[in-house]
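Student: Can you keep this structure in mind? I'll have questions shortly.
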Amino acid sequence: MTLDEKLAQLVGYWVDQGDEIVAPMAGEMGSSASYEEATAHGIGHLTRVYGTRPVDPVDRAAWLWGEQRRLREKTRLGIPAIVHEECLTGLAAWKAATFPTPLAWGASFDPELVEEMARSIGQPMRDLGIHQGLAPVLDVIRDPRWGRVDECIAEDPHVVGTIGTAYVKGLQSSGVDATLKHFVGYSASQAGRNHAPVHAGPRELADVFLPPFEMAVRDGGVRSVMNSYAEIDGVPVASSAELLTHLLREQWGFDGVVVSDYFAVAFLRTMHAIAASDGDAAVLALTAGIDVELPSGDAYLAPLAAAVRAGDVPEALVDRAVLRVLEQKERLGLLDETFDSPPTEIDLDSSEHRRIARRLAEESIVLLSNDGTLPLAEPRRIALIGPNADSTESLMGCYSFANHVLAHHPGTELGFDAPSLAEAVRSRYPGATITVEQGAEVEGLDRAGFGAAVDAAAQAEVAIVAVGDRAGLFGRGTVGEGNDVESLALPGVQRELVEAVIATGTPVVLVVLSGRPYELAWALDGTATAAAVLQAFFPGEEGGSALASIISGDVFPSGRLPVSLPRSAGAQPFSYLHPPLGAANEITSADSTPVRPFGFGLGYTTFSHEDLQVAPVISAGGAFEARVRVRNTGERAGVDVVQLYSHDVVASVTRPLAQLVGYARVALEAGEQAEVVFDVPTTRLAFSDAKLRRIVEPGEIEFWVGASSADKETVATTVVDGSVHEVLPTDRREVVTRVVRGL
């Protein structure tokens, strides 16, 4: 291969890139080369063929098959291109199913269902000639002011790791390579600002941010990793050989392809100012271990070619990256593909997609409070109020095609059915008189609709008030990439609207459709208390129907908070994984205690947790069983999320007051009980010591099970015995659970 042919394999080309801003600073970046010029020597990736504009999938497939044949027949080497697309909430393409956002995956605590979802996403992707999906996001939530929280799974690394790894397994089982985002530390950005510096120390990186990625690499066998835009303690990740080569490849054994986040290589010059030119940026990134520059070849084509020819970087590093790309293409079958039979029909929103989307939405909705108003029986007069009451967009996250792309194409139909909450409530209560009033916009200060909303509520038996977010990008919306906030109050005048409706005396069921947790103490425990509060994190195309099913009692709520419900923006950043000094105490007047803790969620029944049993002595480096009896103590069937927590009583470095060890969803009939058995490797108790060694340390450990991270319902204490165990790559990390019934 000539140098030009090699470099062509290390870049993408964004065929449809136009004026629509769907990536950071896209308007200021991008190659000026024509498609024919850029692909004269072949091309590594075709960027977002289906996901940049609304294109008919069958027509686009025919075009793509023709382009792949052209690459095979008209370039000297005849190497087809990898096609990559976004697929965080389903394939981000016109007419494709939209699933709940990742924060809802975390709220479900159901990795098996997430794996099933990812498999269903991947199958039509491969049928459309797509080879790589840019998902999942494994950033651990640290500050809900950050706009990209709706793309994240949870504030707990174990939940992020188990659910994210399940997504990887599901997508790759369909023949589509998953891509881990954003390696690493991106979500720890200063003050919750996008692309801000990260000040995480090496222990926080090792114990909080890296474990989900390590799990997806070691246990999930992920085939691609994408760098974070972040700079950590002054070192941009895109230039860090320590992270991208020494840790990822040499220590963890990753043997796939590292791709750059969009424009991240050039950002070493334009945003981080550690490179004087795009050629310098290319040398830094290639040396660090970034194999492929996406979305286009701003740095890895002419600038990198000049650097190689000038001797600034050895061509062997180019060869290293090219071999990884060619190995990926060979494994995906691209080198043998003839591209002679494009699909002539395809269903991107099948009944199976909708079944999974509905179930995941139902499992992810969290009941935060309830005075007995829910479930609603058969009310005769319902007022449905709020900016999200009759909105399809409010059901979908930032990386849904609807909010990511279609927002630039007003008037273009969605391409699939997504009933709003109002439509779903009308369908569920056909005999009721239902009045819908918007009351206010998601943003802005217009209160002109308050009067009609209050009148509708006053004449109703119950008012369902739907508030929250509108996802978008870079200032177009209230949450999503680039939509960071300084306050965690509901946007606009939405709180005032809710308070005005509550003041009528009509029972209010508050539904929060959002991409981040908001300050809700006033509605949960304050003077303007709602009768019930439901939290739905962008539940997708079936989210309206799922909410109606839970409101009516056709489905029992079983979601649990994957992120603490904040007391205020001033209490951020906060994590339940805090050491003793991170808790409220008498030597500060500030209280960061969340309004609802991590793992919290109510249902229409109650559960008890009893008789937690752990062996009194366990061996460092071994495994142990924790057994707990769970009973449905109510009068309805329900699903409990059984949560096992631990605390290292005395350790050589400070440890969290609570840390999730394992979890299990358990369905129980009224009065039924079962024993949940957690088979736990002691690696779940590991941490980085003063020398940054990953160890299991002897000493006393307290375990408990309860309804949340803050609830010690049944407690057991054990002692880890033996010498310090330094964690090995071959050590088991997976917690295995089983449920014993018929007690």
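Student: Shape verdict for region 350-468, please, from the Cα gyration tensor: rounded (a/c under 1.5), prolate (a/b greater than b/c) or oblate.
Tutor: Note, shape of region 350-468 comes out oblate.
Student: If you put +1 on each Lys and Arg Cβ and -1 on each Asp and Glu Cβ, how big is the dipole of region 234-358 around its Cα centre, in Debye rounded to 20?
Tutor: I would put it at about 380 debye.
Student: For region 336-415, just the Cα atoms, rotate onto the principal axes and tell me the three extents in Å, largest first.
Tutor: Answer, in whole Å and largest first: 63, 29, 24 Å.
Student: For region 109-210, which trypsin sites (Lys or Arg not before Pro) pass both filters: DSSP loop (anything but H, G, I, E, B) and at most 15 other C-beta atoms within 10 Å?
Tutor: Hits after loop and neighbour filter: nothing returned.
Student: While we're on this one: Using the Cα centre of the chain as the reference point, and only Cβ charges (+1 on K/R, -1 on D/E), how large is the resulting charge dipole? Debye, rounded to the nearest 20.
Tutor: So the magnitude is around 520 debye.
Student: Compute log10 of I(q)/I(0) for region 607-740 with the Debye formula, placing one identical point scatterer on every Cα and leaving out solvent, at q = 0.09, 0.12, 0.17 Å⁻¹, to two decimals.
Tutor: Each listed q maps to, in turn, -0.27, -0.47, -0.85.
Student: Principal axes first, then extents: for the Cα atoms of region 307-369, list largest minus smallest coordinate on each axis, whole Å, largest first.
Tutor: 65, 44, 18
Student: Give the calculated FRET efficiency between Ser350 and Arg636 to the nearest 0.05, with a Förster radius of 22 Å applied to their Cβ-Cβ distance.
Tutor: Efficiency at R0 = 22 Å is approximately 0.10.
Student: Taking a cut-off of 51 Å, what percent of all Cα-Cα pairs in the chain are separated by more than that?
Tutor: In whole percent, the long-distance tail amounts to 12.
Student: Considering only DSSP beta bridges whose two residues both sit in the chain, what percent are antiparallel, to the nearest 5?
Tutor: Close to 55 percent.
Student: Within region 396-477, report the GluC sites (Glu not before Pro) that DSSP leaves as loop and that have at most 13 other Cβ atoms within 10 Å.
Tutor: Glu413
Student: First check a/c for region 365-582, with a ≥ b ≥ c the square roots of the eigenvalues of its C-alpha gyration tensor; if it is under 1.5, answer rounded, and if not, answer prolate when a/b is larger than b/c or oblate otherwise.
Tutor: Rounded, because the longest to shortest axis ratio a/c is under 1.5.
Student: Something else now. Kirkwood hydrodynamic radius of region 524-670 from all distinct Cα pairs, in Å?
Tutor: 18.3
Student: I would also like to ask the following. Please say if region 3-336 is rounded, prolate or oblate, where rounded means a/c under 1.5 for a ≥ b ≥ c the square roots of the C-alpha gyration tensor eigenvalues, and otherwise the choice is prolate for a/b larger than b/c and oblate otherwise?
Tutor: oblate
Student: Shifting gears a bit: Under 16 Å from the Cα of Lys712, which aspartates and glutamates turn up, not counting those fewer than eight places away in the same chain?
Tutor: The reachable aspartates and glutamates, counting only those whose Cα sits under 16 Å from Lys712, are Glu610, Asp611, Asp640, Asp648, Glu702.
Student: Among the lysines, select those whose C-alpha is under 27 Å from the C-alpha of Lys329, and discard any that sit fewer than 8 residues away in the same chain.
Tutor: Qualifying lysines at Cα under 27 Å: Lys6, Lys74, Lys169, Lys181.
Student: Residue-wise, which Karplus ³J(HN,Hα) couplings in Hz belong to region 386-393, taking 6.51 cos²θ - 1.76 cosθ + 1.60, θ = phi - 60°, and x for glycine or proline?
Tutor: For region 386-393, the Karplus curve yields x, x, 9, 5, 10, 10, 6, 4 Hz.
Student: For the chain, what is the relative contact order in percent, using Cα pairs closer than 8 Å and at least 6 residues apart in sequence?
Tutor: That works out to 13 percent.
Student: Let's test the formula: R0 of 45 Å, r as the Cβ-Cβ distance of Leu77 and Ala667. What FRET efficiency results, to the nearest 0.05?
Tutor: E(calc), rounded to 0.05, equals 0.25.
Student: Taking the Cβ-Cβ separation of Asp56 and Val653 as r and a Förster radius of 51 Å, what is the calculated FRET efficiency to the nearest 0.05?
Tutor: About 0.35, to the nearest 0.05.
Student: Okay, next question. Take the alpha carbon atoms of region 57-126, find their center, do the same for region 620-679, and report the distance between the two centers in whole angstrom.
Tutor: A separation of 36 Å, based on Cα centres.
Student: When the Karplus curve 6.51 cos²θ - 1.76 cosθ + 1.60 is applied with θ = phi - 60°, which whole-Hz ³J(HN,Hα) does each residue of region 233-245 get, with x for Gly and Pro?
Tutor: The phi angles translate into 6, x, 10, x, 4, 5, 10, 9, 5, 4, 7, 7, 10 Hz.
Student: Turning to a different aspect of this structure: Projecting each Cα onto the charge dipole of the chain (Lys/Arg +1, Asp/Glu -1 at the beta carbon, about the Cα centre), which of Gly161, Ala456, Val650 comes out farthest on the positive side?
Tutor: Farthest along the dipole direction, towards plus: Val650.
Read-outs throughout are calculated quantities, based only on the coordinates presented, and are distinct from any laboratory measurement. On a predicted model such as this, the values are computed, not experimentally measured, just so you know. Cβ atoms come from the backbone with ideal geometry, glycine included; neighbour counts cover every protein chain shown.
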